[in-house]
1. Kindly express, to the nearest 10 degrees and within the range 0 to 90, the angle between helix 10-38's C-alpha long axis and the longest C-alpha principal axis of the chain.
2. Taking 41 Å as R0, compute the FRET efficiency from the Cβ-Cβ separation of Gln77 and Gln31 and round it to 0.05.
3. Let me check against my output: what whole-number percent is the relative contact order of the chain, with C-alpha pairs under 8 Å and at least 6 apart?
4. Report the gain in length on full extension from Leu97 to Thr47: 0.36 nm times residue separation, minus Cα-Cα distance, nm rounded to one decimal.
5. Ignoring solvent entirely, what values of log10 I(q)/I(0) come out of the Debye formula for the chain at 0.10, 0.23, 0.24 Å⁻¹ when each Cα is a single scatterer?
6. Compute the long axis of helix 54-102 from its Cα atoms, compare it with the longest principal axis of the Cα atoms of the chain, and write down the angle in degrees, 0 to 90, nearest 10.
7. Normalise the Debye intensity by I(0) for the range 14-59, one equal point scatterer per Cα, no solvent, then take log10 at q = 0.16, 0.27, 0.30 Å⁻¹ and round to two decimals.
Amino acid sequence: MIANATDTSEKARSLVAEIDRVEAAYGPVAQAIVDLALDNKRDEAVTKINEEGRPLLASLLKATNDYSSFTAGRAAQMVEEAAQHGASQRNTTCGFLCITAVA
């Protein structure tokens with residue numbers, strides 16, 4: 001979705017790509033953990049969780065937090081730009097009204 005958007009910054013694309021990369025790496029690890037658990041290899045499953053699963057989940061958490069921070073900052077910037085544009089439009093309208101009233 002974001003890859004095809006025309007109004008998306010390179011930074012946003014990069015952040016989403018990192019989320020996608022970590023999710024892609026986590027999928028096979030999660031499946032392997034489930035397979036080990038289903039095969040009653042509890043100790044091996046726990047080891048895989050600790051050695052591979054948790055670091056990937058930490059990476060995913062960081063990637064999603066980075067994206068969330070970026071989008072929150074961008075949203076605040078867009079609100080400020082809209083407020084400035086609205087004020088400019090209001091001032092322009094008031095100016096035209098004053099000129100019309102005088103003429």
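1. Roughly 20 degrees between the two axes.
2. 0.55
3. Here the relative contact order equals 28 percent.
4. 10.6 nm
5. Log10 of I(q)/I(0), two decimals: -0.52, -1.11, -1.16.
6. 10 degrees
7. -0.43, -0.89, -1.00
Bear in mind that the values in this text are calculations on the coordinates, not laboratory data. What you see is a predicted model, and the numbers here were worked out from it, not measured in a lab. Because the Cβ atoms are built from the backbone with ideal geometry, glycine has one as well, and the counts that use them run over all protein chains shown.
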